[in-house]
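Data first, discussion second: the structure below is written as structure tokens.
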Amino acid sequence: MKTFNGRVLFLDRSDINTDEIIPAKYLTESAKEALQPYLLEDLSLSGFDPTVDIKDRTIVVARTNFGCGSSREHAPWAFEMNNINMVIASGFARIFRQNMFNCGMMAVELDPGTIDHLFKRYGGKETVITTDLDSMLFTVSDDKGAETFPFQVSDFDLAIVRAGGWVDYADKHY
Amino acid sequence: MGQTIAEKIFKAHTVDSLAGGIVVIGLDAVFCHEITTPIAINDLMARGKDRVFDPSKIKAVIDHVTPAKDSKTALQGKTLRDWAQRHNIKDFFDIGRNGVCHAIFPEKGFVRPGYTIIMGDSHTCTHGAFGAFAAGVGTTDLEVGILKGVCRFKTPQSMKVAISGKLEPGVYAKDVILSIIKIIGVNGATDRVMEFSGPVVDRMTMEERMTLCNMAVEAGATSGICAPDMVTVDYLWEFIKDDFPSKQAALEAYQAFAPDGDAVYSDTLEMDVAALTPQVTFGYKPDQVRPVSEMEGTKIDQVYIGSCTNGRLEDLRIAASLLEDKCISPKVRAIVSPATPEIFSRALDEGLIKIFMDAGFCVTNPTCGACLGMSTGVLANGEVCASTTNRNFNGRMGKGGMVHLMSPATAAASAVAGVIMNSEIFCDKGDRP
């Protein structure tokens, strides 16, 4: 099972689409590893530099409709190849969300108010999130202190994360 | 309690109900292309599970980059080709017989009312035009679909989109769906099925309904869907005539997937299109839509007519009717890509291809290439494309490029004008296509 702890990459935007996460020209790769250098290459976000800002980050926080657009699972894979295993947002596109859990990764939805608080309180600062899957709690911390937030993920999605993906589950059950 | 189309299809296909309103449904068809399928194939092989649940229910095509442009795309094609051969997948469309997936699979009669379909491609929602539940999925879901013939979804809620009024000449299904996305936004239908209905949809051809359903995902929808009717039966008749004694009998059977009068919808959008004018996008999101009249004169470098949204025969006819005896502006280049070999061949027979060529268009083979900036029409940094495709995301047709989405009529008029232009100026209202 993957872990969901570490430094946060704040992407203060809604509707970040899968073409921005991994442009289509890289979909000719037949190995996930090859996607690693291109994550968020085309992201439209003022001040964001993918060559600098992604380094050593393991959790993304964003606004709503994250991962809209193409069905490409290359989007979660590009995150995975950069050791980013969790995206926290106020909403997800259906396919991206399901792709994340299918890969044993987490796409966690928080209400817009909480997301707004995270951006206002922690955005632009060195921030760490630790995740407790058993009690469904995040702890968010910076040099000034820490806060804890509950989150919800369905039992089934959690089971897939713990199992490491959907293929083995489906092959066993259907 | 009454049921929506999607609820009726799910009821007929449920294999398992999991916690949290998640259901596993059996699949009638799994569609595959060479971009998202090879990694699923490779993973199945690595797991020692290189099997398919039913080769007759798997349809595959090479369409995104074809003919292959380099060694990597050649390998993707080869992986799909070898796999289709290995598993005796008869409906595999290789170079020469291949077309854009969401155009060729309906054309071959692979979609039926009441079907459940997945594909590793977000515009799979197109096939809902036939009264099917058709959803784009990622590679892992596709892999499980190939292996076991199942997929899991949240129990779908539906948004009812009731379209009334009469479209003015020069206003098309593309303008209707762009205006719907403008109203509800790029996540206005997330996790829901958009069920299109009303007199405007009833009068639409299957091609127009496919254009409508194709862009449902641009509002976040899981599937677009239209109730099957005699238009559906007429389109499918050559494929189903041995299954039913008459068209009326087919229609009656397909009525099983008509929505109930008291079906419950999560939302309802009622719109009257009588005053609708041609629409075009202006930003990097498909809900950034304006009337063409407000965008006239916008500089463009390239015009593209094609794709799973608007590369069908009707689209080519409309564009060609505006281009006859005209030339494109010397300020622009223009590309047309008929979406399937059948469409290409019929466009040749009807003289449409000659009209495009005489006007100065480059005519390419059927492919998705330019729409997502993979091949045959990639933009340079700072360039602008007037396009009949479905996505205007930043960099979609090439890094640093801008895409304006529009109907084939608006694209053809813009090619002649050399700037974004309403097709109205090129014909009398009386003889509109």
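Of A:32/A:172; B:154/B:399; B:57/B:399; A:32/A:55; B:326/B:399, which sit over 29 Å apart, Cα to Cα?
Over 29 Å Cα-Cα: B:154/B:399; B:57/B:399; B:326/B:399.
Once fully extended, how much extra length lies between residue B:16 and residue B:354, figured as 0.36 nm per residue of separation less the alpha-carbon to alpha-carbon distance?
Between residue B:16 and residue B:354, full extension yields an extra 116.3 nm.
If the reach is capped at under 22 angstrom between alpha carbons, list the lysines near residue B:174, excluding any in the same chain fewer than eight residues apart.
Within the straight-line limit of under 22 Å, residue B:174 reaches these lysines: B:160, B:166, B:182, B:285, B:299, B:429.
If I take R0 = 56 Å and measure r between the Cβ atoms of residue A:142 and residue B:268 in this structure, what FRET efficiency does the formula 1/(1 + (r/R0)^6) give, to the nearest 0.05?
My answer for the efficiency is 0.80.
Determine one quarter of the surface area of the Cα convex hull of segment B:5-271, which equals its mean projected area, and express it in nm² to one decimal.
Directional mean of the projected Cα hull area for segment B:5-271 stands at 15.2 nm².
Taking every Cα atom in the protein assembly as shown, find the radius of gyration and the maximum pairwise distance Dmax, and write them in Å.
Cα-based Rg and Dmax for the protein assembly as shown come out at 23.3, 76 Å.
In Å, what Rg and Dmax follow from the Cα atoms of segment B:104-217?
14.6, 48
I'd like to compare B:166-176, A:41-51: which one has the highest average count of other Cβ atoms within 10 Å, and what's the full order after that?
Taking the mean over residues of other Cβ atoms within 10 Å, the ranking is B:166-176, A:41-51.
How well do other chains shield peptide B:183-192, expressed as the mean number of their Cβ atoms within 10 Å of each residue Cβ?
4
Helix-only mean residue ellipticity at 222 nm, chain B, DSSP H runs n ≥ 4 weighted -39,500 (n - 2.57), per residue, nearest 500. What is it?
-9000 deg cm²/dmol
Within a 10 angstrom radius of the beta carbon, how do A:4, A:92 rank from fewest other beta carbons to most?
With the sparsest Cβ surroundings first, the list reads A:4, A:92.
Straight-line reach from residue A:120: which lysines have a Cα under 16 Å away, not including same-chain ones fewer than 8 places off?
Of all the lysines, those that pass the test against residue A:120 - Cα under 16 Å, at least 8 places apart if same chain - are A:144.
Quick check on segment B:12-104: what does the Kirkwood estimate of hydrodynamic radius come out to from the alpha carbon pairs, in Å?
Here the Kirkwood hydrodynamic radius works out to 14.4 Å.
Quick one: Kirkwood hydrodynamic radius for segment B:247-335, alpha-carbon pairs, angstrom, one decimal?
Across segment B:247-335, the inverse of the average 1/r is 17.8 Å.
Hey, got the average number of other protein chain Cβ atoms within 10 angstrom for residues in A:160-171?
Mean partner shielding for this stretch: 4.
Cβ neighbours within 10 Å, averaged per peptide: list A:28-36, B:276-284, A:13-21 in order, most packed at the top.
The densest-packed peptide leads the list: A:13-21, B:276-284, A:28-36.
Suppose we keep just the DSSP beta bridges with both residues in segment A:1-133; what percent of those would be antiparallel, to 5?
15
What is the percent of Cα-Cα separations in segment B:281-431 that go past 20 Å?
Of the Cα pairs, 41 percent sit more than 20 Å apart.
Quick one: the Cα spread of segment A:6-173 along its three principal axes, in angstroms, biggest first?
45, 38, 24
Considering only DSSP beta bridges whose two residues both sit in segment B:281-431, what percent are antiparallel, to the nearest 5?
Once the DSSP bridges in segment B:281-431 are tallied, antiparallel ones form about 10 percent.
Measuring from label point to label point, each 7 Å out along Cα→Cβ, what is the residue B:243 to residue A:30 span in nm?
Once both label points are built, they end up 3.6 nm from each other.
Under the definition of partner shielding as Cβ atoms of other protein chains within 10 Å of a residue Cβ, what is the mean value for peptide B:132-142?
6
Once you have the Kirkwood Rh of segment A:82-174 from its Cα pairs, apply Stokes-Einstein at 37 °C and 0.692 mPa s and quote D in µm²/s.
Roughly 228 µm²/s, to the nearest whole number.
All of the numbers you see were taken from the coordinates with simple rules; none came from a lab. Treat the numbers as computed from the prediction; the structure is a model and nothing was measured. A quick note on method: Cβ atoms are made from the backbone with ideal geometry, for glycine too, and the neighbour counts reach across all protein chains shown.
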